[in-house]
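Trainee: Let me give you the structure first, and then I'll get to my questions.
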Amino acid sequence: MHSHLIFQLNKQFPNPVPTETLSQQFNCSAAEITEAVEELRALGLVIHSYNSGLQLASPLYSIPGIKTYLNTQTFGNQGLYLFETIDSTHTYVSNNLSTIDHGSVLLAYSQTAGRGRRGRKWSSPIGKSLSLSIVLKEFAAQMKPTLLTQLTAAALQQALSETGLPIAIKWPNDLLINRRKVAGVLTEAMFERQVLQAITIGIGINLNQSQTDFPTEIHTKATSLALETEAPFFADKLIAQFLQYFEQFYQDYQQSLDPEPFLSICRQESAVIGEIVTVVQGDKRRDVEVLGIEATGELLVRDLSSQEQMTLISSEVSLRNPDGSYI
Ligand code: BT5
């Protein structure tokens, strides 16, 4: 009932929907609708009640809404699950790996312990953000998890660009609009007795946050699609488009083992190639000029003090502006 209720409220957004209309649609009593609304409110979702009916505070994606647009063979087609609230979609996958099939897609309206790279926190407030994990169990042995991060960043860049906004990729895993982070990618390889069992790809996208919805420490570096478009953002189509791009890149890469189609997007839409940046690696910092992205997915840079060229591995470094601020 929750997902269908949200789908109907979203369809009419921002207009309120009379409870009677909903109870007719679902063939249930008004009391049952009120009960479902109370359950959603208890989770933290904001649903207004007016004389004229019920209205969502901001648009929400739903399984029936995504399926309206979904055209994939595998990803999201064979298993599309939505949690209203969860600790982390990635943690759920690692705890339930044996029961989750290849190609499954898990979504959550909110995460209480969403995570980024190297144990960092990912903010995913209820009803405003998108948290999504894709489970991969069928892969060619030569496919590299680091390249899958680039593949996902390219798919996300393509899908987000359909909004008309300028979307740049900050190697390896950030998606930016006007130098503010709108989305991030997290790839995790899962091993059992040293044998690779699965790769989980996670993406977090800021959909309908206002600036004050972000934790204070990221106020100046984060943005949302609603802030950038200056309108409430409907994510159903974006999710379906992302899965479509992801599937295309993934199937092509699995067959050809050629990363160029997605790496060329990472290069073309890069926020850092040609820039001077500071590389942060543990306690060490060095200023470099970014020259390009190698076929391995590594970043090719020139050290400004030694003039030496070197490649950087994404799992080890972060990039900052030379003044220490977020790029
Ligand atoms: C990322 O890490 O950007 C990866 C984000 C992946 C999140 C997804 S959601 C589904 C799946 N389940 C999970 O638990 N995680 C994945 P990283 O590059 O390490 O960036 C983390 C940093 O971004 C933090 O240290 C903050 O500075 C900043 N940050 C946190 N939340 C943010 C947000 N909502 N928007 C922009 N920046 C944020």
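Bear in mind that the values in this text are calculations on the coordinates, not laboratory data. The model shown is predicted, which means the values in this text are computed figures rather than measured ones. As a convention, Cβ positions derive from the backbone with ideal geometry for all residues, glycine included, and neighbour counts pool all protein chains shown.
Trainee: For E260 paired with A42, estimate the spin-label separation in nm (one decimal), with each label point 7 Å from Cα along the Cα-to-Cβ line.
Mentor: 5.7 nm
Trainee: Send over the semi-axes of the range 1-56's equivalent ellipsoid, whole angstrom and largest first, taken as the square roots of 5 times the C-alpha gyration tensor eigenvalues.
Mentor: Numbers: eigenvalues 40, 36, 22 Å².
For the range 1-56, the ellipsoid semi-axes come out as 14, 13, 11 Å.
Trainee: In whole Hz, what ³J(HN,Hα) sequence does the range 263-271 give by Karplus (6.51, -1.76, 1.60; θ = phi - 60°), x for Gly and Pro?
Mentor: The phi angles translate into 5, 5, 5, 4, 6, 4, 9, 6, 8 Hz.
Trainee: Of all chymotrypsin sites (Phe, Trp or Tyr not before Pro) in the range 243-327, which ones are in loop regions per DSSP and have a Cβ with at most 15 other Cβ atoms within 10 Å? Display every interim value, and only then the final one.
Mentor: On the way: sites: Y245, F246, F249, Y250, Y253, F262, Y326; in loops: Y326.
Answer in residue order: no site qualifies.
Trainee: State, as an integer percentage, the relative contact order of the chain based on alpha-carbon contacts under 8 Å between residues 6 or more apart. Numbers along the way, then the final one.
Mentor: Values: 637 pairs, mean separation 46.5, N = 327.
Value for the chain: 14 percent.
Trainee: Cross-link list K128/K237; K67/K181; K121/K144; K181/K237; K11/K67; K144/K181: which exceed 19 angstrom alpha carbon to alpha carbon? Before the final figure, lay out each step's value.
Mentor: Numbers: K128/K237 16 Å; K67/K181 27 Å; K121/K144 25 Å; K181/K237 21 Å; K11/K67 14 Å; K144/K181 25 Å.
In this structure, K67/K181; K121/K144; K181/K237; K144/K181 lie more than 19 Å apart at Cα.
Trainee: Report the net charge of residues surrounding T68, where surrounding means a beta-carbon distance below 10 angstrom and charges are Lys +1, Arg +1, Asp -1, Glu -1. Intermediate values should be presented prior to the final figure.
Mentor: Details: positive: K11, K67, K237; negative: D236.
That sum, taken over residues with Cβ under 10 Å, equals +2.
Trainee: Counting only C-alpha contacts under 8 Å and six or more residues apart, can you give the relative contact order of the range 1-56 as a whole percent? List each step's numbers first, then the result.
Mentor: Details: 48 pairs, mean separation 25.7, N = 56.
Relative contact order for the range 1-56 comes out at 46 percent.
Trainee: Which of the GluC sites (Glu not before Pro) found in the range 275-327 are in a DSSP loop and have at most 11 neighbouring Cβ atoms, other than their own, within 10 Å? Don't skip to the end; give the middle numbers.
Mentor: Values: sites: E275, E289, E294, E298, E308, E316; in loops: E275, E294, E298, E308, E316.
Hits after loop and neighbour filter: E308, E316.
Trainee: Which translational diffusion coefficient, to the nearest whole µm²/s, is obtained for the range 275-320 from the Stokes-Einstein equation, given a Kirkwood hydrodynamic radius over C-alpha pairs, 20 °C and 1.002 mPa s?
Mentor: On the way: Rh = 10.5 Å.
It comes out at roughly 204 µm²/s.
Trainee: Now for a different question. By how many nm would the segment from A140 to S325 grow when fully extended, if each residue of separation counts as 0.36 nm and the alpha-carbon distance is taken off? Walk me through the intermediate numbers first.
Mentor: Values: separation 185, 0.36 × 185 = 66.60 nm, distance 3.88 nm.
Between A140 and S325, full extension yields an extra 62.7 nm.
Trainee: Using only alpha carbon pairs under 8 Å that are at least six residues apart, calculate the relative contact order of the range 275-320 and give it in whole percent. Mind showing how you got there, number by number?
Mentor: Numbers: 83 pairs, mean separation 16.4, N = 46.
Value for the range 275-320: 36 percent.
Trainee: Hey, if you put +1 on the Cβ of every Lys and Arg and -1 on every Asp and Glu Cβ in the chain, which of A140, Q8, Q194 ends up farthest toward the positive end of that dipole?
Mentor: The residue sitting farthest along the positive end of the dipole is Q194.
Trainee: About its Cα centre, what dipole magnitude does the chain give when the only charges are +1 on Lys and Arg Cβ and -1 on Asp and Glu Cβ, stated in debye to the nearest 20?
Mentor: Magnitude of the dipole: close to 440 debye.
Trainee: Assuming R0 = 22 Å, what is the FRET efficiency of E192 and D101, from their Cβ-Cβ distance, to the nearest 0.05? Don't skip to the answer; put the middle values down first.
Mentor: Values: r = 17 Å, r/R0 = 0.76.
Plugging the Cβ-Cβ distance into 1/(1 + (r/R0)^6) gives 0.85.
Trainee: Pick out, in residue order, every one of the GluC sites (Glu not before Pro) in the range 186-274 that is DSSP loop and has at most 16 other C-beta atoms within 10 Å; say none if there are none.
Mentor: Numbers: sites: E188, E192, E217, E228, E230, E247, E269; in loops: E230, E269.
Passing sites in the range 186-274 are E230.
Trainee: With no solvent and one point on each alpha carbon, what is the Debye value of log10 I(q)/I(0) for the chain at q = 0.08, 0.10 Å⁻¹?
Mentor: Taking Cα atoms of the chain as identical point scatterers yields -0.39, -0.60.
Trainee: Here is a further query. Identify which of L107, L97, L304 has the largest mean-square fluctuation in a Gaussian network model of the chain, with springs joining Cα atoms closer than 10 Å.
Mentor: Sorting by GNM fluctuation, first place goes to L304.
Trainee: Spelling out what I want: for every residue of the range 162-175, take phi, set θ = phi - 60°, compute 6.51 cos²θ - 1.76 cosθ + 1.60 (Karplus), and round to whole Hz; glycine and proline get x.
Mentor: 3J(HN,Hα) across the range 162-175, in whole Hz: 5, 6, x, 7, x, 10, 10, 9, 9, 3, x, 9, 10, 10.
Trainee: What are the residues whose amide H is under 5 Å from the amide H of K170, where those residues sit 5 or more places off or on another chain and H is modelled from the backbone?
Mentor: L175, L176, A271
Trainee: Then there is this: Each residue of the range 22-32 in order: what ³J(HN,Hα) in whole Hz does its phi give by Karplus 6.51 cos²θ - 1.76 cosθ + 1.60, θ = phi - 60°, with x for Gly and Pro?
Mentor: Working through the residues one at a time gives 5, 5, 5, 4, 9, 6, 9, 7, 4, 5, 5 Hz.
Trainee: If you count, for each residue, the other Cβ atoms within 10 Å and average over each peptide, how do 24-30, 121-127, 309-315 line up from highest to lowest?
Mentor: Details: 24-30: 11.7, 121-127: 19.0, 309-315: 15.1.
By packing density, highest mean first, the sequence is 121-127, 309-315, 24-30.
Trainee: Suppose each label sits 7 Å from its Cα in the direction of the beta carbon; what would the Q281-Q307 distance come out to in nanometres?
Mentor: Spacing of the two 7 Å Cα→Cβ label points: 2.1 nm.
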